Amino acid sequence: MTARTLVVATTNRGKAAEFARLLSGLSARVVALSDIVADSPRVVEDGSTLAENAALKARAAARATGMLALADDSGLEVDALDGRPGVRSARFAGERATDQENYAELLAQLARSAKPAPFGARFRCALALVDPAAAGDGERLWTVEGVCEGTIGSEPRGAFGFGYDPVFVVAGRAETMAELDPEEKNRLSHRARAVSALRPLLESLLAAQ
């Protein structure tokens, strides 16, 4: 029996590699959308929640490929900023902001705030899985979440990871997320916890193909 393909709806190579590690062992061929579609569909992430944005991306990938599609939307919630950047984490410093620009803006806003350190924060990941086997209104959608608690450090540290990883200190640890090697990060991260919650469903779907 030919293994089913699971498309991960991302063009971020760091995220695609992380998902490949997290999804290892599944009876599926895991590929990034950008590896099989020349022009990835542009998705306007105008949802009010991470789960809504993840669903928008997963649906677009499933419809572009006709394959089982997985998408995530992740955000950093900082207590001193009333939960921001949240759903706008990828665009905190502007629509085309780099990772460095986003976490520099975060540190600048915290420096201007009247709140004292430590700055409590959490990474939240929403995963959406879409099975297009039944087309149109019959497609099936599932969502799960994973959370990793921590604090915001005073300066970026570490060479691993992406996004806000260099300034996020994992709860109970001295290291930032970017100082953890990929294997250790995949035990602790919000994305790892969300994948763990979704994995039984994925295994059931793949077994029933």
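Kindly express, to the nearest 10 degrees and within the range 0 to 90, the angle between helix 13-22's C-alpha long axis and the longest C-alpha principal axis of the chain. Tilt relative to the chain: about 70 degrees. Exposure proxy ranking for MET177, MET67, based on other Cβ atoms within 10 angstrom of each Cβ and starting from the fewest, stands as MET67, MET177.
The slack between ARG91 and ARG187, meaning 0.36 nm per residue of separation minus the straight C-alpha distance, is 31.9 nm.
All other residues with a Cβ under 12 Å from the Cβ of LEU206 taken together, and with Lys, Arg as +1 and Asp, Glu as -1, what is their net charge?
Value of the local net charge: +1.
Within the same chain, lysines fewer than 8 places from LYS57 are excluded, and of the rest, those with a Cα less than 30 Å from its Cα are LYS15, LYS185. Taking the chain as the reference, fit the longest principal axis to its C-alpha atoms, fit the long axis of helix 99-112 to the helix C-alpha atoms, and give the angle between the two in degrees, 0 to 90, nearest 10. The two axes meet at around 40 degrees. For the chain, dividing the convex hull volume of the Cα atoms by the residue count gives 115 Å³ per residue.
Build a GNM of the chain with springs between Cα atoms under 10 Å apart, and of ARG29, ARG96, ARG122 the one that fluctuates most is ARG96.
Near ARG91, once Lys and Arg are set to +1 and Asp and Glu to -1 for all other residues with Cβ below 11 Å from its Cβ, the sum equals -2.
Taking the average, over residues, of other Cβ atoms within 10 Å as the packing measure, peptides 19-25, 8-14 rank 8-14, 19-25 from highest down. Using the rule -39500 (n - 2.57) for each DSSP H run of four or more residues, divided by the residues of the chain, the 222 nm mean residue ellipticity is -10000 deg cm²/dmol. The DSSP beta bridges internal to the chain are antiparallel in roughly 80% of cases. Spatially, region 69-114 and region 185-209 are offset by 26 Å when compared through their Cα centroids.
Coordinate-derived values only; no laboratory data. The structure displayed is predicted, hence computed values, not measured ones. FYI the Cβ positions are ideal-geometry reconstructions off the backbone, even for glycines, and counts take in every protein chain you see.
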